[in-house]
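Scroll down for the structure; my scribbles are underneath it.
The values are calculated or read from the model by the stated rules, or taken from the named source; none is laboratory data. Remember, it's a predicted structure, so these values are computed and weren't measured experimentally. With ideal geometry, Cβ positions are generated from the backbone for all residues, glycine too; neighbour counts draw on all protein chains shown. We work out accessible area using only protein heavy atoms, side chains counted, and drop any ligands, DNA or RNA first. Shrake-Rupley method; radii C 1.70, N 1.55, O 1.52, S 1.80 Å.
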Amino acid sequence: MTNTALEHTGQQQLQTQEDRLSIWTPSVPADELSKTVCDFLDTANSSMGRATHYNSRSEQQAAELQIHDRLFNSSRDLYTALLALPGLTDRSRQIGVKTLLSHSRNGTAPEFLTEASERIVLQHMFQSLPTPRMLKAIEGLRTGSEELNLRAANNGRTRRLILNTLLNSPRLPLWSVKYRRKMLKAFNHAWGKRLASIIRSILAKTPKSRNTKDREILQNNLTQHVHGGEKAVKAAHECVSFILGNRTRMTLPILKSYQQAKKELEKGKKLPLEVLEGIRSTFHPDVSPDEILSLTKNVMTATQKKNVQRRAQKAGIEIKMDPMRFGLIELYLYAFEMGLNKQIEDAMTVKAEQAAKLLNLSYHKIGIVVDASQSMIGSHEQPLRPMASAMATRDVLQHATSAQTIRYVGGQPGVLVQPQGDTAIADAIVEILSTDQTVEAIYILSDGYENAPAGRTAEVMQCLRELGFNLPVFHLNPVFASESGGVRQLDTENIVTMPVQSPEAMGASMLHGMIEAEPLKGIKILVRLALTSGPHSMKLLPS
Amino acid sequence: MSSRNRRTEETLTVENILRGTSFGNTQSVGQMQVVPILDESGDASDDHYAAPNLNVRTSNYGTVDVRNEDEERETIIPTGAGWVTKQHAQDHAIPSAHVVKPKSTESIDTAMCIEESQSGLIQGATDFLIIPATLRVKALSKRHDQNYSKLWSDIGKFNRSLDVSNGTGHLVRFLKQYERELDEFVAEFEIVPNQIGAIVLIAGKIVGIERAPNFPFWEKIWTPLIRVCYGSLAIQAHKLLGTTQPSTRSSIVMLEKSLDGLKAALDYAHMHSQQLVMNEFNKAKQLPLKQKVDSAMPSGASLITIANQFLAGQIITREERIPYASICAAGA
């Protein structure tokens, strides 16, 4: 189906979808569902499926899967819709894709989505994943995982989704050289090894030498999934042929370069860095790896340019990176590694301003407590990510309001804060109010592990309420904690805790409070937000 | 007279052991409290010893071969260090501290098995834990025994006290059953700048005094200490006392109903908690400790086992200094 056709289908569903949602009542009590949705938001906005400073990878994964299962079992449609919310981690979308594809929709009680709308959401989720993660998700569909309670999925829906996504990407030629092994696995999964082998043999022949049966096989299994003209079909045939192992009669420039670089390295200068590096180490072992940096510097992706800065610096090669291509957290992580400079600081400012506009906070004067204690270092897998997330959120809040009183706990104040020391959050709250009693709200940016002593923040909040300070206090937590089944809280009575994986997506987290107050209404607003936040084809409801 | 002999003739106290250090703010979560021991002047640290970067094999049941991977400096294997692996091998621990020369291997034949009835030898392990304080004290009293099964009955008793199922002689079963709680202790207690040691309290009583030669060494041993060695005591205390607060943690009492009053109450609660904790420490710091020189170590250092009616542990002395101390409550 072409994108235009998809959009048309989406438009057709608008009214029906809205009607169904308006009259939809969940099969579980609203309060129970509200708790499940809040837990899901906590998880899906913060969990990366990785170890943290405190929890092992397997604990984190088991906890997040359990929360996904709870929502899926409560309402398949709600689960589907919420997976489309902006700001969800890629990991959550990956789990969502696998969960939906490995459970047939047949026999599911009708709710507010149709089979077609679920397919559109699913396709959006799949395509919005970064390529390596999308291919990893396909690999997960092939193998499943008993340990992680994920079933393999090899049904018609899965096959169509894989083929539609891969064959219609404008980046198919690039993917063919960059991810050829993963692409091979994906096609083997979609077609089965035997059919893939048959397709390979057919594609090895010239178009003229293919017989009717050959053409039929190609049409039914490959060509019909390509939504484009003759040129697109020809390119898709050539890429698939290359991926399946045929290496002759290449016409697409990138595929030709791949073959030529094996003999003459210079010819591969338009290939991705890691591909050319692989060719160098196998076919040109005498050439220095630094030469590859120099050869590919004009075709590197923005992320590659960022990631090779240290190596390039050592090799004396200048590779310009564009900081505007990265999110605020990535910029902070980069600054931790390479140091701050004006270009990075300027980009941080612009990014924070942009995110602040989307946030649309109603407060003018706020207090901010930045937890820069030692545990904000995070895990070995993702060092300093919690601290980077806290600083990015601080910047957005600063740009979203006209005045702020900021206090740091542990580390020293500054643009780039190195985490250290203990966690005395309560003292910082009192200090903020002692400095300016007119702040309208306080935001605490913390992993929620308090020790100076534990429970002091809750005590102080209780006292503040007694004194008549009724300002809202929000705890924005960037760290998923498996032992909490969500994010760790500082005070369940007087502080609203919200997960914040990325400050650019704080809006969805803010709905948390509303769902707790008015469960069904809040959930329906969330569904509308989710289904109107993607590309036009996915706008299943009027915004 | 050698410095080692002079040291053994002095009356040793905890105060002597911690000479040159100062104390940071108390961290407190549940029944456990930790007072950081700091080297603010830089004079209390000893850079002669590298942080323990170890690689361990077992060459026989009861014998561990510990390699110091540091190329330049000696290191100390902490008292009660243990290796629990996923290999098809018997987990082992050592009862006593040891000093290992750079790029050298120390073969310790007084090690003990901590995984009863499991066969197989460890083929290489780098991560270590420090066995629960309760077991460390028992192991210390058997530190010269060459009997690899010497701790099995104590492990069984320890496991039963914590309702660990099928726990006879298997420390790993305790570690698995309480994995989540143990992991949380690591996050809850944070290292502060210039820290080289800690005083640990459970339920308002001192259960451990630890001193490392320097900050990197402390960074390396803190997780093993807080997670299993002292974390196990916190779990025991939680079972007995539930969520009550220890007597050494003060709550906020607002005498004047204003923001200034709250600030004063907060400051007082911090100060009072610190005072209560230090009162406990003061009770212990001047009590004399009996000493027994266990063995001479490289570079003129000595390993000394110390004890009084409340505390038991080991110190390492070198050139009139005490770079390493690890002391637990005797009745832990």
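Results, tabulated for the structure shown:
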item: Unique match (being in contact with a Phe, Trp or Tyr (Cβ under 7 Å, 6 or more places away or on another chain) and modelled with pLDDT of 95 or more) among B:Ile199, B:Ile221; result: B:Ile199
item: Every residue from the stretch A:415-427 that is open to solvent by 10 Å² or more (accessible area, probe 1.4 Å) and under 25 Å from B:Val35 (Cβ atoms); result: A:Gln418, A:Pro419, A:Gln420, A:Asp422, A:Ala424, A:Asp427
item: Flag for A:Met461 being out of contact with any Asp or Glu (no Cβ under 7 Å at 6 or more places or on another chain), at pLDDT 90 or above, assigned to a helix (DSSP H, G or I) and more than 10 Å from chain B (Cβ to nearest Cβ); result: no
item: Residue that is most open to solvent (accessible area, probe 1.4 Å), among those in the stretch A:268-286 that are in contact with a Ser or Thr (Cβ under 9 Å, 6 or more places away or on another chain) and not in a helix (DSSP H, G or I); result: A:Lys270
item: Count of residues meeting criterion [away from chain A (no Cβ under 14 Å) and closer than 30 Å to B:Phe215 by Cβ] in the stretch B:149-196; result: 2
item: From the options A:Lys256, A:Lys305, residue that is in a helix (DSSP H, G or I) and buried (at least 16 other Cβ atoms within 10 Å of the Cβ); result: A:Lys305
item: Residue identified as within 14 Å of another protein chain (Cβ to nearest Cβ) and either small (Gly, Ala, Ser) or in a strand (DSSP E or B) (or both) among B:Ala312, B:Ala265, B:Ala284; result: B:Ala265
item: Subset of the stretch B:274-321 that is polar (S, T, N, Q) and over 19 Å from the mean Cα position of the chain (by Cα) - its residue that is most open to solvent (accessible area, probe 1.4 Å); result: B:Gln286
item: Any hit, the stretch B:121-128, residues being at pLDDT 95 or above and within 26 Å of B:Gln309 (Cα to Cα); result: no
item: Selected residue (criterion: farthest from the other protein chains (Cβ to nearest Cβ)) from residues of the stretch A:464-482 that are surrounded by fewer than 24 Cβ atoms within 10 Å (Cβ to Cβ) and assigned to a loop (DSSP other than H, G, I, E, B); result: A:Pro472
item: Some residue of the stretch B:21-40 being within 25 Å of B:Ser302 (Cβ to Cβ) and in contact with a Pro (Cβ under 9 Å, 6 or more places away or on another chain); result: no
item: B:Pro298 being under 30 Å from B:Gly82 (Cβ atoms) and within 14 Å of chain A (Cβ to nearest Cβ); result: no
item: Residue tally, condition open to solvent by less than 10 Å² (accessible area, probe 1.4 Å) and either under 17 Å from A:Leu526 (Cβ atoms) or over 19 Å from the mean Cα position of the chain (by Cα) (or both), over the stretch A:90-121; result: 7
item: Residue that is farthest from the other protein chains (Cβ to nearest Cβ) [pool: residues in the stretch A:421-453 that are in a loop (DSSP other than H, G, I, E, B) and within 29 Å of the chain's Cα centre (by Cα)]; result: A:Ser446
item: Residues of the stretch B:204-219 that turn out to be surrounded by fewer than 24 Cβ atoms within 10 Å (Cβ to Cβ), away from chain A (no Cβ under 14 Å) and touching a Ser or Thr at 6+ places or on another chain (Cβ under 9 Å), as a count; result: 2
item: Failed item in (1) more than 17 Å from B:Asp294 (Cα to Cα); (2) open to solvent by 30 Å² or more (accessible area, probe 1.4 Å); (3) not aromatic (Phe, Trp, Tyr), with B:His170 passing the rest; result: (2)
item: Residue tally, condition crowded, with 19+ Cβ neighbours inside 10 Å, under 21 Å from B:Gly261 (Cα atoms) and in contact with a helix residue (DSSP H, G or I) (Cβ under 7 Å, 6 or more places away or on another chain), over the stretch A:428-451; result: 5
item: Among (1) away from chain A (no Cβ under 14 Å); (2) crowded, with 22+ Cβ neighbours inside 10 Å, the one test that B:Leu121 misses; result: (2)
item: A:Arg456 vs. criteria facing chain B (nearest Cβ under 9 Å), in contact (Cβ under 8 Å) with a residue 12 or more places away in the chain and among the basic types (Lys, Arg); result: yes
item: Flag for B:His144 being surrounded by fewer than 20 Cβ atoms within 10 Å (Cβ to Cβ) and away from chain A (no Cβ under 14 Å); result: yes
item: Filter result for B:Ala125 (closer than 21 Å to B:Gly313 by Cβ, under 21 Å from the mean Cα position of the chain (by Cα) and among the small types (Gly, Ala, Ser)); result: no
item: Number of positions in the stretch B:28-65 that are aromatic (Phe, Trp, Tyr), surrounded by fewer than 17 Cβ atoms within 10 Å (Cβ to Cβ) and within 21 Å of B:Phe217 (Cα to Cα); result: 0
